[in-house]
1. Would you check which residues across the stretch 32-85 are in a helix (DSSP H, G or I) and among the hydrophobic types (A, V, I, L, M, F, W, C) and list them?
2. Of all residues in the stretch 108-160, count the ones that are in a loop (DSSP other than H, G, I, E, B), within 16 Å of ligand 1 (Cβ to nearest atom) and open to solvent by 10 Å² or more (accessible area, probe 1.4 Å).
3. Kindly establish whether Val82 is without any contact (Cβ under 8 Å) to a residue 40 or more places away in the chain, under 17 Å from Cys10 (Cβ atoms) and open to solvent by 10 Å² or more (accessible area, probe 1.4 Å).
4. Given (1) within 12 Å of ligand 1 (Cβ to nearest atom); (2) in a loop (DSSP other than H, G, I, E, B), where does Gly178 come up short, assuming only one miss?
5. Tell me which residues, restricted to the stretch 50-64, are among the aromatic types (Phe, Trp, Tyr) and in contact with a helix residue (DSSP H, G or I) (Cβ under 6 Å, 6 or more places away or on another chain).
6. Taking the condition of being touching a helix residue (DSSP H, G or I) at 6+ places or on another chain (Cβ under 6 Å) and either β-branched (Val, Ile, Thr) or away from ligand 2 (no atom under 16 Å from the Cβ) (or both), how many residues in the stretch 113-122 meet it?
7. Does Gly113 meet the test of being farther than 18 Å from Pro144 by Cα and not acidic (Asp, Glu)?
8. Within the bounds of the stretch 308-326, is there any residue that is out of contact with any strand residue (DSSP E or B) (no Cβ under 7 Å at 6 or more places or on another chain), free of Cβ contacts under 8 Å to residues at least 24 places away in the same chain, of a type in the set (Gly, Ala, Ser) and not in a helix (DSSP H, G or I)?
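The values are calculated or read from the model by the stated rules, or taken from the named source; none is laboratory data. Everything numeric here is computed off the predicted structure, so don't read it as measured data. Don't worry about glycine lacking a Cβ; one is built from the backbone with ideal geometry, like all the others, and counts go over all protein chains shown. These accessible areas exclude ligands, DNA and RNA; they are computed on the full protein's heavy atoms, side chains included. Shrake-Rupley method; radii C 1.70, N 1.55, O 1.52, S 1.80 Å.
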Amino acid sequence: MSTGIAVLGCTGSIGTSTLRVVGRHPDRFSVVAITAFGSADKLEEIRKNTGARFIGLVNGDGQWSGANSSTCDRESGALCLVEAATHPDVDIVVNAVVGAAGLEATIAALKAGKRVALANKETLVMAGDLVQQAAREGGGEIVPVDSEHSAVLQCIGGRPLGDLRRLILTASGGPFRGWDAERLAGATVAEALNHPTWNMGPKITIDSATLANKALEVIEAHYLFGLGYDEIEVVVHRQSIIHAFTEFVDGSVLAQVGYPSMELPILYALTHPERVSDVGVKRFDPVACGDLTFESLRRDDFPAFALGVAAGRSGGTAPAAFNAANEVAVEAFLQSRITFGQIAVVIESVLQAHSGDPADDLKTVLDVDRWARETAEVACY
Ligand code: NAD
Ligand code: MG
């Protein structure tokens, strides 16, 4: 029997890659539900190509022009994410939504006992304990799509998490790896969107330029693999060939290696712990890779990284405040309302004003998310 897949955010970078991967395995997977924020026509086109039986337009108003197929449910509004994620024919929810908007769907899917193939790292950062609690309660499981975390999961290979001693996540360093502080402060939107190794949506591309993405990933790793922040390190590796180093208690270090493409981590998140053959994944050639280099992160020049990790260490609602402030600041930068250098300034001002509550329930987290967004908006003007 084929595995039913929901793709939340099916029009984005990860969503499109997921549909490509799933489309290469028609005997194994079928696309049941798709959602997007954008155009109804685009969603209809994807429905026709995939045969999805549920489509959800997050920004839709309930008016579906030209929709005459009675074999497909069409829903509008933010709730369609939860409906797609809990659809009875769905086994695996690929959460490829960008930002905090994916949180409720992740929790609902886990409570309904589904596997969540999680690209939407903001979800774990905002509410890591609540997400883990939902998985325990409902019997669902989180399998990371993020390449570094997929690498760690593959290196763990079914061993108990207690065997882990340290993780070293790699960072490409983004487009500004060699830039000095002065040049960085005035970097343009076009320069920040020009990522050297990964082709991704705009928000994560800016996060990669500020290194806020790496802070989100450190927090994500903390919740996924249960290590403390002193045991999660980052090294700059500009070729993006080694995705993470995983050190075990005996001192042995395993690394996962591959070209920078999200299709392999997406496939693995769908098949874990199994491996399946996929003609679409380019075979590895070490000689063609050339030299692999590793260098320290320039923390002082990329302050968003340290701010994010500090928020992770503080725990409670601080990671949610960090995430929300970052989302607002990135949007303001993309709209040329603030400079590149101001992104971290906005985040810092929000974290300084944040009072630090325990993240005991979803309402508390969502209240902090809303407060941090409002505070960051004010700081952007
Ligand atoms: P993207 O901007 O290309 O796509 C985002 C998708 O989410 C689109 O389908 C869009 O319609 C939908 N969306 C946007 N706003 C929404 C909202 N408010 N409610 C519901 N849906 C909404 O982004 P992406 O690069 O595919 O990234 C998606 C997620 O995956 C992010 O959390 C990102 O950090 C993570 N991720 C991406 C990559 C990558 O290579 N692109 C790698 C690792 C992790
Ligand atoms: Mg990553």
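1. As a first pass, look at the stretch 32-85 and keep what is in a helix (DSSP H, G or I): 40-50, 80-85.
Residues satisfying the conditions are Ala40, Leu43, Ile46, Cys80, Leu81, Val82, Ala84, Ala85.
2. Initially, the stretch 108-160 is screened for residues in a loop (DSSP other than H, G, I, E, B), giving 112-114, 119-120, 139-140, 145-146, 157-160.
Still in the running and within 16 Å of ligand 1 (Cβ to nearest atom): 119-120, 145-146.
Checking which are open to solvent by 10 Å² or more (accessible area, probe 1.4 Å) leaves us with 119, 146.
So the answer is 2.
3. Working: without any contact (Cβ under 8 Å) to a residue 40 or more places away in the chain: yes; under 17 Å from Cys10 (Cβ atoms): yes; open to solvent by 10 Å² or more (accessible area, probe 1.4 Å): yes.
Yes, satisfied.
4. Every condition holds for Gly178 apart from (1).
5. Step one: list which residues in the stretch 50-64 are among the aromatic types (Phe, Trp, Tyr), which gives 54, 64.
Listed by number, the list holds a single entry, Phe54.
6. Adding up the residues that qualify gives 2.
7. Values: farther than 18 Å from Pro144 by Cα: no; not acidic (Asp, Glu): yes.
No; evaluated as a whole, the condition is false for this residue.
8. no
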